Amino acid sequence: MRKKSVKEVSLAGKRVWTRVDFNVPVKDGVVTDATRIEAALSTIRYIVEQGGKVILASHFGRPKGERRDDMSLAPVAPLLSQLLGQPVAFAPDCIGAEVDSMIAAMKNGDVVLLENTRFHKGEEKNDPTLSQQFAAQCDVYVNDAFGAAHRAHSSTAGICDYVQEKVCGFLMEQEIEYLGAKIAAADRPFVAILGGAKVSDKIPVIENLIPKVDAILIGGAMAYTFLAAQGVSTGKSMVEEDKKDLALQLLAKATAAGVTIGLPIDHVVGREFSEVTEKKMTADRTIGEGWMGLDIGPQTIKHYERLIGDAKTVLWNGPMGVFEWKSFSEGTYAVAHAMAANTQAITIVGGGDSVSAVNKSGTAAQMSHISTGGGASLELLEGKILPGVDCLNDK
Ligand code: ADP
Ligand code: MG
């Protein structure tokens, strides 16, 4: 079911309570990466243009229901003001008399940023009293906090029990369009590339994707669990012994569904888990005693590049190797470049580390969609319904 968009409600003169994800990295009172703030700008600007009164709410860090100076959203207000080109008033709390009077004094097009919602214990408990207090501040609820949509908290879900008009912002709309709709009814061939540290993290994603894709290309540490399960020697590579049976079951399910599973046919291996360790390429998929797999090898890269190049939809979650280290980053960057080069395909990237790899590779602008959510995008890829989306009005 498609969710109603902020474009489909009237906003002029309304108090538009907008849940954003401003959980940004801050060092010494200065925001060090504004990506999440920038991602919310188009929704905020739209509400301003429509003459709505923008009340912004977000969590920040994990203060566990206590007021903590080091987890105040105060550093965000001046930066947001600069990005928007208009004043942003900062409220000392997210509920209470002072906030109420600030909101009452707002004119159309004004922007107020509320203090961290997690300063109140009720937030993470999805407490109805707090939800009602939030709802009392708003005429229209907009959820644009995709990164927090997998949590049922007062500001992401509970508030919707007490508000009539509840819609998604542009960022949220785009995230659910790409990670939900475009994957559920993908143009074929649909190739998913999965990597990262652990098979156990990605099992539900693999299970959800098997009925939808034509091929799953596996890399990263999780490849070694699959190879070990097939009886291939994997040396000192990271293998989840207790997941080997499950890996075989997944392979069988994929085969039964006619899905091609790509596993590395060669590797870049190192002596130790270290950036400066002695390294070499393997001749085939076996890894010798005393070596550990830290990246996919050149033959595997070629194979994966070909499949990515022929696809109409490509979804990527999880690096192919320890890309943080230059000597083991080639496989990961090759995937990024192959996706970027396929201009005919819908290309979607999800997962914190994969997104950072795409950004570092300089291919971000060529991707159709780069998800801003870590946990939330993974849960969508697992086929779960996100509470912060579920509670919004249907189209
Ligand atoms: P994402 O955040 O994109 O979902 P993950 O968190 O699942 O990705 O995995 C990313 C991590 O996996 C990276 O820190 C990377 O170094 C690690 N990784 C990838 N390949 C290997 C490997 N062969 N051995 C050890 N760690 C690996
Ligand atoms: Mg990660």
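Pairs meeting the criteria (first residue in segment 189-202 and outside any strand (DSSP E or B), second residue within 14 Å of ligand 2 (Cβ to nearest atom) and of a type in the set (Lys, Arg), beta carbons under 7 Å, at least 6 apart or on different chains) are 196/202.
Would you confirm whether any residue within segment 373-393 is in contact (Cβ under 8 Å) with a residue 40 or more places away in the chain, touching a strand residue (DSSP E or B) at 6+ places or on another chain (Cβ under 7 Å) and farther than 27 Å from residue 160 by Cα? Checking segment 373-393: not a single residue is in contact (Cβ under 8 Å) with a residue 40 or more places away in the chain, touching a strand residue (DSSP E or B) at 6+ places or on another chain (Cβ under 7 Å) and farther than 27 Å from residue 160 by Cα. Every test in (1) near ligand 1 (Cβ under 8 Å from one of its atoms); (2) of a type outside the set (Asp, Glu); (3) at positive phi; (4) more than 18 Å from the chain's Cα centre (by Cα) is passed by residue 318 save one, and that test is (4). Annotation note: Cβ proximity below 7 Å between a residue of segment 341-359 that is touching a residue at least 40 places away in the same chain (Cβ under 8 Å) and a residue that is in a strand (DSSP E or B) and within 8 Å of ligand 1 (Cβ to nearest atom) (sequence gap 6+ or interchain) occurs for 350/317; 351/317; 354/317. Could you please let me know if residue 368 is away from ligand 1 (no atom under 11 Å from the Cβ), among the small types (Gly, Ala, Ser) and either crowded, with 24+ Cβ neighbours inside 10 Å or touching a residue at least 24 places away in the same chain (Cβ under 8 Å) (or both)? So residue 368 passes the test. Scanning segment 187-202 for residues that are open to solvent by 20 Å² or more (accessible area, probe 1.4 Å) and more than 12 Å from ligand 1 (Cβ to nearest atom) returns 187, 188, 189. Looking at segment 323-345, which of its residues are aliphatic (A, V, I, L, M), surrounded by fewer than 24 Cβ atoms within 10 Å (Cβ to Cβ) and within 12 Å of ligand 1 (Cβ to nearest atom)? None; the set is empty. Can you pull out every residue in segment 136-156 that is at pLDDT 95 or above and open to solvent by 10 Å² or more (accessible area, probe 1.4 Å)? Scanning segment 136-156 gives 136, 138, 139, 150, 151, 152, 153. Residues that are farther than 20 Å from residue 260 by Cα and within 16 Å of ligand 2 (Cβ to nearest atom) within segment 300-327 comprise 321, 322, 323, 324, 325, listed in sequence order.
Pairs linking a residue in segment 229-246 that is under 15 Å from residue 294 (Cα atoms) to a residue that is among the acidic types (Asp, Glu) and open to solvent by 40 Å² or more (accessible area, probe 1.4 Å), with Cβ atoms under 9 Å and 6 or more positions apart or on different chains, are 233/289; 235/289; 236/272; 236/289. Kindly evaluate residue 375 against the criterion of being within 16 Å of ligand 2 (Cβ to nearest atom) and in contact with a Ser or Thr (Cβ under 9 Å, 6 or more places away or on another chain). When the stated conditions are applied, residue 375 does not pass them. Among the residues of segment 346-365, the ones that are open to solvent by less than 10 Å² (accessible area, probe 1.4 Å) and away from ligand 2 (no atom under 14 Å from the Cβ) come to 3 in all.
Here is the figure for segment 50-77: residues that are in contact (Cβ under 8 Å) with a residue 24 or more places away in the chain, surrounded by fewer than 23 Cβ atoms within 10 Å (Cβ to Cβ) and outside any loop (DSSP other than H, G, I, E, B) total 2.
Within segment 1-49, the residues that satisfy the criterion of being in a helix (DSSP H, G or I), open to solvent by less than 20 Å² (accessible area, probe 1.4 Å) and within 22 Å of residue 152 (Cβ to Cβ) are 6, 40, 43.
The values are calculated or read from the model by the stated rules, or taken from the named source; none is laboratory data. Just so it is clear, the model here is predicted, and its values are computed rather than measured. So basically every Cβ, Gly included, is an ideal-geometry build from the backbone, and we count neighbours across all protein chains shown. Surface areas here come from the heavy atoms of the whole protein model, side chains and all, with no ligands, DNA or RNA. Shrake-Rupley method; radii C 1.70, N 1.55, O 1.52, S 1.80 Å.
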